[in-house]
Amino acid sequence: MVGTGLAGVPALAFTGIRYSIAALVFSPLLWQTRHWTRRDWQLGIICGLVGVAGFNIPAALGQRTVSAGLTGLLDGAEPLFIVLFSAIAQRKLPSRLTMMAAALGFAGVILLAKGSGPALGDPLGDGLVLLGAMLWAIYCVMVPRLINRCGALPTTAVTVLSGAVPMLLSGLPDMHTTLATMTATQWIVTVTLTISTSVIAMLCWNAGSAALGAEKAGWYLYLLPVVSLIGGAILLGEPVRAMELAGGLLVLVAVYLSQK
């Protein structure tokens, strides 16, 4: 959707449209926040700005020029960032098993990225994708406290709506032209992405991370390149190489060890 070499739909307008739709879907849930305290609202808005807007805006801008293989490698740093930020928040060092799982998972992501072909990208795009990964990790560490106190549904509604506002404002300059020129296929892709990733996936992630804790939930992010590998093979007919299979196996072992 956001194109290769700046040739697609304007990235900021796309994220603005996508999360405006998600905000409309979540808005009826705001009635569940009627008993929230000022502290709850402050934390919810900060989480939305950091995790929703902070992840999606730089990610969308970076992915205009960064290949899927390199994006997967950079996003593979998210569990490592979560381990780091969790250790800082808890003021204790990660266990040896945690560090071993992190090393195995990152090695697996490297093999998956190398096996997927040339890792194309420019320094600015790489930096933007990595910035988005870091901000998402901060969100993963912060949001479970609010979910455990207030529930997954209202927390997701507040964070998505809070994150949608800056995305809508940043996309306004190109919004009118984008809305007027989007094709039926692009609308189908936009709505599908919105409902599946910005609504359903956000709810599932928030509920799951509250139950497991930020660090344990973060390991499942290593499965993203594995799912991409399977989807590419089934839907796009992309070949699966031995290096990719080895990388996927390492990722699965890392997720298994992380739950011990």
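Summary of computed values
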item: The lone exception for Leu179 - which of (1) under 30 Å from Val141 (Cβ atoms); (2) modelled with pLDDT of 80 or more it fails; result: (1)
item: Test: residue in the range 202-225 that is surrounded by fewer than 16 Cβ atoms within 10 Å (Cβ to Cβ), under 25 Å from Val25 (Cα atoms), free of Cβ contacts under 8 Å to residues at least 24 places away in the same chain and of a type in the set (A, V, I, L, M, F, W, C); result: yes
item: Within the range 85-99, tally of residues that are at pLDDT 80 or above, surrounded by 10 or more Cβ atoms within 10 Å (Cβ to Cβ) and of a type outside the set (A, V, I, L, M); result: 3
item: Neighbours by Cβ (under 7 Å, 6+ apart or cross-chain): first from the range 88-100, over 12 Å from Leu257 (Cα atoms); second of a type outside the set (Ser, Thr, Tyr) and modelled with pLDDT of 75 or more; result: Ala89/Val141; Leu93/Ala87; Pro94/Val83; Pro94/Ala87
item: Any hit, the range 229-237, residues being under 24 Å from Val160 (Cβ atoms), touching a helix residue (DSSP H, G or I) at 6+ places or on another chain (Cβ under 6 Å) and modelled with pLDDT under 80; result: no
item: Where Leu146 falls short, out of the listed (1) at pLDDT 80 or above; (2) touching a Lys or Arg at 6+ places or on another chain (Cβ under 9 Å); (3) aliphatic (A, V, I, L, M); result: (2)
item: Qualifying residue in the range 190-213 (condition: assigned to a helix (DSSP H, G or I), modelled with pLDDT under 80 and not basic (Lys, Arg)); result: no
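The values are calculated or read from the model by the stated rules, or taken from the named source; none is laboratory data. All of these numbers come straight from a predicted model, not from anything done at the bench. Note: ideal-geometry Cβ built from the backbone for every residue, glycine included; neighbour counts use all protein chains shown.
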